[in-house]
Amino acid sequence: MKKKIIATVMAVTMVFGTAFSISAYAEDAETTFDETVTASYDAAVVTFDETVTASYDAAVVKTGKCGENVKWTLDADGTLTIKGSGKIEFGTDNVMPWTRDIKKLVIGDGVTSICAGAFADCSLLEEVTIPDSVVFIGNDAFSSTKWLYQKQKEDPFVIVNGILIDGHKCSGDIVIPDGVTAIGDCAFGSNERITGATFPKSVVNIGFMAFGFCTSLKNVKMNDGLTSIGEEAFLHCAITEISIPASVKTMGSRAFAECHYMEKAVLHEGLTELGVQAFWMCKKLNSLNIPKSVNVIGDLCFNGCEALTTVTIPDGVTKIGDSMFSGCSSLTSVDIPDSVTSIDEWAFYNCENLKNITIPESVAKFGRNAFSTAFWDGSSHTYETNPMTISGYKGSAAEKYANKNGFKFIELNKSGKPDTKTVSKGDANGDSKVNVADIAAIASYIKGIKALTGDGLKAADVNGDGNVNVADIAMIAAHIKGIKALS
């Protein structure tokens, strides 16, 4: 039809020798509209009126990209069509490129992921088509849409391709339907009405903040099949006890942080990583086993666990991270394996009941205030060394750290037991004799010329007052002269 109209106009122009043009604008080849054009021609010989009706496709009003290999098209009727392969994502600004007045959404096969907030607040959106290729849907992807409201009316569990994306209409003790493979990000977040949750074996992943701030959630039952617990998955819940299945490999940052009522956590072999602040501020947590399979424990993991009394770090963990046990005021015993090479700053800060600790030769680095205790004097904090005993090996970094920071140091023998050899009073140079050479060694120490450490320092403190000074030299001199023997 278009070709006929154009040909007719051109023919008339050629016949009557009149130069004129008709131009019609369309944004896109698919744009459609009906336009009536009336052209009046006035020539020397012929005058005529001609009505020309042209029809154009005018559906497309806007297009763009929403992913590396994903494109979108919005038509005048409010239908958003997304095609391509891979993820729907908006970039660092996270602002949707289309308007919020879309009414219909059609996502093509090949798209695998829908980013957080992708269609949030599109209040007119009521018809949605999502292909089986989509395996991830971010939090609030469809929040405040007519489509989601209708889905919630049909079933409090809104499930798409096995992903439970919304459960905010649920209450009481819930049982996740069998067949659900993932609990989506923020799916139940801040739902204060749910009190318990039971997961089927089909659930593989619990997403970011899936149950975060569900402040009435007390009982959680997980089943084998679950492999990962996302960041902040159960942040600030009322859970009192948790058993993590052996199938779980990783636990994200702050997974159970601020669960103030949690008293017991059972972790099974198979778990390899505890995220940063995983049990942060679980103030009542007093029973915890860390399985031997764990090789990564994040910083601040047990920070603020005031009721925790004993911990065994599994062999394979290479560091005691920043503030890992900071504020564990009831902690009395920690077993550190030979795999650990560093104890980072504030690691055991304010652990005032930790009186004894054995540090292996493998530890070569100690962070700032690793074992300090802070006291508030009314205007500022005063940091003091925790009065505890460090057991370690002669010449090790642990011995140097203890001597530098004023800790009592107990030397271990090759079997890892405290060295029971007798230290002779006055034998500062360790030659098994007490004579003027020892006086010279002590004098050199007092003047700051050459330090005394370990057994030499202990032997030099003849009077046992905790200080090495001229009083000790006087007692050694009296012993040598036969005036008063050292006992």
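The values are calculated or read from the model by the stated rules, or taken from the named source; none is laboratory data. What you see is a predicted model; the values in this text were computed from it and never measured. Cβ placement follows ideal geometry from the backbone for every residue including glycine, while neighbour counts extend to all protein chains displayed.
Here are the numbers for this structure:
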quantity	calculated
Residue list for the range 190-240, restricted to those being assigned to a loop (DSSP other than H, G, I, E, B), more than 18 Å from the chain's Cα centre (by Cα), under 17 Å from LEU164 (Cβ atoms) and of a type outside the set (A, V, I, L, M)	SER190, ASN191, ARG193, PHE199, PRO200, LYS201, SER202, CYS214, ASN223, GLY225
Hey, HIS168 crowded, with 17+ Cβ neighbours inside 10 Å and on the phi > 0 side of the Ramachandran plot or not	no
Sole exception among (1) over 19 Å from ILE206 (Cβ atoms); (2) among the small types (Gly, Ala, Ser); (3) in contact (Cβ under 8 Å) with a residue 40 or more places away in the chain for SER293, by number	(3)
Residues satisfying the stated conditions in the range 442-468, i.e. among the small types (Gly, Ala, Ser) and closer than 18 Å to LYS404 by Cβ	GLY448, ALA451, GLY454, GLY456, ALA460, GLY466
Of the criteria (1) in a helix (DSSP H, G or I); (2) modelled with pLDDT under 90; (3) of a type outside the set (Val, Ile, Thr), which one SER487 fails	(1)
Filter result for the condition that a residue is closer than 30 Å to ARG368 by Cβ and in a loop (DSSP other than H, G, I, E, B), over GLY430, GLY466, GLY456, GLY482	GLY466
Search result, residues across the range 302-333 that are among the aliphatic types (A, V, I, L, M) and under 14 Å from ALA370 (Cα atoms)	ILE320, MET324
Those residues of the range 313-359 which are assigned to a loop (DSSP other than H, G, I, E, B) and of a type in the set (Gly, Ala, Ser), in sequence order	GLY316, GLY321, SER323, SER326, GLY327, SER329, SER330, SER339, ALA347
Condition met for SER362 (over 17 Å from LYS408 (Cα atoms), polar (S, T, N, Q), modelled with pLDDT under 90 and not in a strand (DSSP E or B))	no
Long-range neighbours under 6 Å by Cβ, at least six apart or interchain, first residue within 22 Å of ASN295 (Cβ to Cβ) within the range 339-359, second part of a loop (DSSP other than H, G, I, E, B) and basic (Lys, Arg)	GLU345/ARG368
Filter pass, ALA255 being in contact with an Asp or Glu (Cβ under 9 Å, 6 or more places away or on another chain) and of a type in the set (A, V, I, L, M)	yes
